[in-house]
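Notes follow the structure.
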Amino acid sequence: MKERSNRFTADLMMLGTVMLMGSSYPFAKDVLGAMSPLLYSASRYLVAALFLFIVMALMRRPLGLPRRDWVPMVVLALIGVALFQACWGLAMARTAPSVGSIVMTTTTAFSAILAWLGGRRLSATGWAGIAIAFAGVVLVVNNSLTHVTLATDSLDGTFLWILSAFAWALYVDRCAPYNLCLGALPVMAWTTLIGALALLPVSLLFDSLSEFARLDDRLLSYWLYTAIFPVGVAFLGLTAGFDRLGVSRVMVYMYLIPVAGVGLSAAFFGDPLTVARVAGGSIVLLGVILTRVALDRAARVPV
């Protein structure tokens, strides 16, 4: 009975985590109307890093990083934070939030490709899932069931989303051994801090800190919200979910992120919800579910 109660609590926690992660898309879009993408991404991840270190301190976890792990952490930070967030912010400024939340689910497809490159055998189901997911992305971007509407500006934003999804998949894949020896929370905290510090000077080459003066109280609260909750708090929820539910069940919840992102964007921020976009999103979800199943089966087969 107690085990069932704990699992139910963990399921509720994962639903809240998914809502937080999905909510970053519409809130970020509003802030990016007044702030440049690179400065937004660098500044909010710097705040998120400070939040994670405060949590570690409250948990009485060691804050230091072994000398031998500095180089790997820097490389992971450049891929999983600097590159990922630079592409994420630039893509968000160019496309609707619903497009981003859907295209980012292709992370699972890239994870499967990385697993294959690493020597895992990927079944026909996995390859079919990858093809279906990217076909759904084309429909989402085209945003029409009857006409071809693809344009250079929409493809530009989509390419950035896909690059962002690849960077995140590569980061998660390469983080795995360090999560085991250092713990997921320290890895996330240090890579978030290093990545934000690397991205900030790049953003200041093109942008200015005076942009914060453009944010009214509402936009400033949105900026702070997206710094702490969809990054810091959501990650804490993910780590707890992995411990209580296991990776496979947590990954199922990840498929609800675009549902949360699209729903919140349409309900509160006026992002148009078209039939083509809903159909394309459903196709993408089908593809990533098939790919996830294939990945789970491949993980159980000795290499």
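For a test of the definition: using alpha carbon positions, the gyration tensor, and the 1.5 limit on a/c, classify the stretch 40-154 as rounded, prolate or oblate.
In terms of gyration-tensor shape, oblate.
Computed per residue of the chain from DSSP H runs no shorter than four, each worth -39500 (n - 2.57), the mean residue ellipticity at 222 nm is -25500 deg cm²/dmol. Each label was represented as a point 7 Å from its Cα along the Cα-to-Cβ direction; for residue 159 and residue 173 these points are 2.2 nm apart. The modelled label-to-label distance for the pair residue 123/residue 63, using points 7 Å beyond Cα in the direction of Cβ, is 4.8 nm. Summary of packing: across the peptides 58-69, 97-108, 120-131, 162-173, the per-residue average of other C-beta atoms within 10 Å ranks them, highest first, as 97-108, 162-173, 120-131, 58-69. Cα centroids of the stretch 109-123 and the stretch 193-209: 33 Å apart. When 220, 38 are arranged by Cβ crowding within 10 Å, least crowded first, meaning fewest neighbours, the order is 220, 38.
List the equivalent ellipsoid semi-axes of the chain in whole Å, largest first, each obtained as the square root of 5λ for an eigenvalue λ of the Cα gyration tensor. Mind dumping the intermediate values first?
On the way: eigenvalues 145, 140, 74 Å².
For the chain, the ellipsoid semi-axes come out as 27, 26, 19 Å.
The label point for residue 213 and the one for residue 135, both projected 7 Å from the Cα toward the Cβ, are 5.4 nm apart. Taking a span of 24 Å or more along the helix axis (Cα atoms) and a mean Kyte-Doolittle hydropathy of at least 1.6 as the rule, the DSSP H helices of the chain that qualify are 37-58, 124-142, 184-206.
Where a number appears in this text, it was derived from the coordinates with a stated rule and is not lab data. Since the structure is predicted, the reported quantities are computational estimates derived from the model, not experimental observations. Positions of Cβ are backbone-derived with ideal geometry, glycine not excepted, and every protein chain shown enters the neighbour counts.
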